[in-house]
1. Could you check Val180 against (1) aliphatic (A, V, I, L, M); (2) in contact (Cβ under 8 Å) with a residue 40 or more places away in the chain; (3) in a helix (DSSP H, G or I) and say which number it fails?
2. Kindly indicate whether Ala373 is in contact (Cβ under 8 Å) with a residue 60 or more places away in the chain and over 30 Å from Ile236 (Cα atoms).
3. Tell me, yes or no, whether segment 131-141 has at least one residue that is touching a residue at least 40 places away in the same chain (Cβ under 8 Å) and surrounded by fewer than 16 Cβ atoms within 10 Å (Cβ to Cβ).
4. Identify all residues within segment 295-323 that are over 36 Å from the mean Cα position of the chain (by Cα) and part of a loop (DSSP other than H, G, I, E, B); write none if there are none.
5. State all residues of segment 346-376 that are outside any loop (DSSP other than H, G, I, E, B), over 12 Å from Met15 (Cβ atoms) and of a type in the set (D, E, K, R); if no residue qualifies, say none.
6. Consider only pairs whose beta carbons are under 7 Å apart and that are at least six residues apart or on different chains; among these, list those whose first residue lies in segment 270-287 and is closer than 15 Å to Ile310 by Cα and part of a helix (DSSP H, G or I) and whose second residue is at pLDDT 90 or above and basic (Lys, Arg).
Amino acid sequence: MTDALVIGAGPAGLMAAETLARAGRQVVLAEGKPSAARKFLMAGKSGLNLTKIEPQATFYAQYHEAEPWLAPMLDAFGPKQVQGWAGSLGQELFTGSTGRVFPVVMKASPLLRAWMGRMQVDLRTRWHWQGWDGDGFAFDTPEGRQVLHPKVTVLALGGASWARLGSDGAWAPWLQEKGVDLTPFKPANMGFDVAWSAHMAAHFGAPVKNAALIAGDEKHRGEFVISARGLEGGGIYTVSRALREGAPLTLDLLPDLMVEEVAARLSRRRGKDSLANFLRKTLRLTGARLALLQEFGRPLPEGAALASVIKALPVPHQGPRPMDEAISTAGGVARAALDDGLMLRAVPGVFCAGEMLDWEAPTGGYLITACLATGKWAGQHAAKWAAP
């Protein structure tokens, strides 16, 4: 008989395991990969954005319809608590101009080493969960098949993206067999395919700055990248949900200027300048932004009509990149399948946390914060449930 079992050693699973251990439970932490928190470490390669400092209403709104559900968990372990937790692990933090919070070292590995070093749990790597065996949890392990019979369990198995890092959604049919209600997976924070013309190859890998992305009623400024496959990066991820749901994509290539000002500058005498030189001199429109205008705006009109195109450039795309390439996923264990402590109604004593729950949020600190918050919440309620 195992005392407490946590399956999945990402941020949510690690937080649940540490919370259970601090409550006095003897915790087995099972991880399918050779080491813990591989997706967390990958996120750290671009700076490890842990959370974001902004008004609470603005922060919570990023979780869309899941906000009322997640709010108590974020109240208990939100941006302030995330900063305190990182500080307790010896990580000095700084807040960028947009409110995003990062470790000064801009890496995940020092934080993860400190976290794992203080955690009093039995970590078992290369333990691949294979579903239930009666009332036990069956694993394929280096030592052969193992079946554990825990008093209480937390599942923190991730969503259905980045299978090579451990989040493959393979757990979904096993939960469905137990009568757990699941919402279908969808990609979130993903790039979009674009069928580029040949002249765009020179701009593959180029960042697009000083532009705004418009998707339906949403408008966001943020850097994105022109890739051989299409558009990728934080700016496009911010509007990816709206695009996934059918909103058209347009670009404002000069978000700091009103359309009237753009039109006024375009009314100046062009002389012998080529159009590209004229746009560079009058509007400082160069490089990737100019390439996008030429790609999607041709044949380019003149005067006020060109100003309108520059301020609202239609961008045709072929839909999202495959789900396994997405940063995260929407869908998973439905809210109705869980009680207020994140325990599965259909499987008493089994709790869920992290990205396997049906919520989504943009990148920018929201994903990691909610994974930590739900892991903490599930761990606390699992400890109470198992208490004599």
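The values are calculated or read from the model by the stated rules, or taken from the named source; none is laboratory data. None of these values were measured; they are calculated from a predicted model. A quick note on method: Cβ atoms are made from the backbone with ideal geometry, for glycine too, and the neighbour counts reach across all protein chains shown.
1. Of the numbered conditions (1) aliphatic (A, V, I, L, M); (2) in contact (Cβ under 8 Å) with a residue 40 or more places away in the chain; (3) in a helix (DSSP H, G or I), the odd one out for Val180 is (3).
2. Criteria not met by Ala373.
3. The answer is yes; a qualifying residue exists.
4. Of everything in segment 295-323, those that are over 36 Å from the mean Cα position of the chain (by Cα) and part of a loop (DSSP other than H, G, I, E, B) turn out to be Pro299, Leu300, Pro301, Glu302.
5. Within segment 346-376, Glu355 is the sole residue that qualifies.
6. Filtered contacts from segment 270-287: Thr282/Arg265; Thr282/Arg268; Leu283/Arg265.
Here's the yes/no breakdown for (1) more than 15 Å from Cys371 (Cα to Cα); (2) assigned to a loop (DSSP other than H, G, I, E, B):
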{"residue": "Ala16", "(1), (2)": "no, no"}
{"residue": "Ser35", "(1), (2)": "yes, yes"}
{"residue": "Ala57", "(1), (2)": "yes, no"}
{"residue": "Trp69", "(1), (2)": "no, no"}
{"residue": "Leu74", "(1), (2)": "no, no"}
{"residue": "Gly84", "(1), (2)": "yes, no"}
{"residue": "Phe94", "(1), (2)": "yes, no"}
{"residue": "Lys107", "(1), (2)": "yes, yes"}
{"residue": "Trp115", "(1), (2)": "yes, no"}
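A quick yes/no check of all residues on (1) surrounded by 18 or more Cβ atoms within 10 Å (Cβ to Cβ); (2) assigned to a helix (DSSP H, G or I); (3) not hydroxyl-bearing (Ser, Thr, Tyr):
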{"site": "Ala201", "(1), (2), (3)": "no, yes, yes"}
{"site": "Gly205", "(1), (2), (3)": "no, no, yes"}
{"site": "Lys219", "(1), (2), (3)": "no, no, yes"}
{"site": "Val225", "(1), (2), (3)": "yes, no, yes"}
{"site": "Ala242", "(1), (2), (3)": "yes, yes, yes"}
{"site": "Thr250", "(1), (2), (3)": "yes, no, no"}
